[in-house]
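Before any comments, here is the structure.
Please treat every number below as a calculation from the coordinates, not as lab data. What you see is a predicted model, and the numbers here were worked out from it, not measured in a lab.
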């Protein structure tokens, strides 16, 4: 039976955990990229279309982080970002009355949350 120094054991465990966590971060980044692209595609399909410019304005931006999962931001590009809450929730008309909202962001968001959660759980289980 070989004797192992407790410091060596602790260092080996720490190295193994760091390797595992970095592998999980990389897989989460891949999942977030895939799910984010699917969300942008869905928003482009389900957004209200008068001229089509608002629907085409959806995009995903990535903020990279070292050692942490990247942040994915799904947004409508300028100047269409100003319309998102008006189209989602409705708004008052100039001459009186109201325009009904056309929910298209919330359904896409809920779907993205479910899909991303499922994928991350799978990544963690598989390691």
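Values for this structure:
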quantity	calculated
The stretch 6-126: relative contact order as a whole-number percent, Cα under 8 Å and 6+ apart	24
Nearest 10 degrees, 0 to 90: helix 105-126 Cα axis against the chain principal axis	10
Helix-derived mean residue ellipticity, 222 nm - over the chain, DSSP H n ≥ 4, -39500 (n - 2.57), to 500	-19500 deg cm²/dmol
The chain - convex hull of alpha carbons, volume per residue in Å³	123
Separation between Cα centres of the stretch 1-74 and the stretch 87-119, rounded to whole Å	25
Using alpha-carbon coordinates, inclination of helix 6-46 to the longest axis of the chain, degrees	20
